[in-house]
């Protein structure tokens, strides 16, 4: 009988430890996720500094006065492969009208990103977020995700998923300086 009580006590203690661990993990995980506020339309676009494939630095705040088409993507992302050529064509039309495209890759090797950029004719700055810090600041979940930033530095639209060439054209029109 004494052995039965001891076993029951040990089982209850293990269950209690597992439940306490689960609660502590949930609280910890929630506090980590809330580190960055979720961005929404009307917010100021958080500033960042990233380097492109040519070694040039790009700071978002240096594009104030221009519309910025900020696209987060990955080489493995099928929708990204479809929309990059269209983004390039529209960039060629809108770059002289004050619209800048910044394509931010999420922490992939330079060689892989360069091969993708060459294959898909990416003529705009191609940046790599090596630490995923910008991705976390912008709360990027699915790829692709695009932020439309007006000339005042405000987020006017957040697009998740694939865009058609007509969509891209319309979005660039929306952020073009007047």
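Considering only residues that are touching a strand residue (DSSP E or B) at 6+ places or on another chain (Cβ under 7 Å) and assigned to a helix (DSSP H, G or I), which ones fall in the stretch 128-158? Selection gives 134, 135. Against the test of being buried (at least 17 other Cβ atoms within 10 Å of the Cβ) and under 19 Å from residue 40 (Cα atoms), the options 134, 101 yield a single qualifying residue, 134. If you go through the stretch 45-86 one residue at a time, how many are crowded, with 21+ Cβ neighbours inside 10 Å and over 23 Å from residue 132 (Cα atoms)? Residues that pass the stated criteria total 1.
Kindly indicate whether residue 121 is within 13 Å of the chain's Cα centre (by Cα) and surrounded by fewer than 15 Cβ atoms within 10 Å (Cβ to Cβ). It is false that residue 121 is within 13 Å of the chain's Cα centre (by Cα) and surrounded by fewer than 15 Cβ atoms within 10 Å (Cβ to Cβ). Set side by side, the residues 103, 117, 78 differ, and just one is touching a strand residue (DSSP E or B) at 6+ places or on another chain (Cβ under 7 Å) and under 20 Å from residue 160 (Cα atoms), which is 103.
None of the figures in this text is laboratory data; all of them are computed from the coordinates on show. Everything numeric here is computed off the predicted structure, so don't read it as measured data. As a convention, Cβ positions derive from the backbone with ideal geometry for all residues, glycine included, and neighbour counts pool all protein chains shown.
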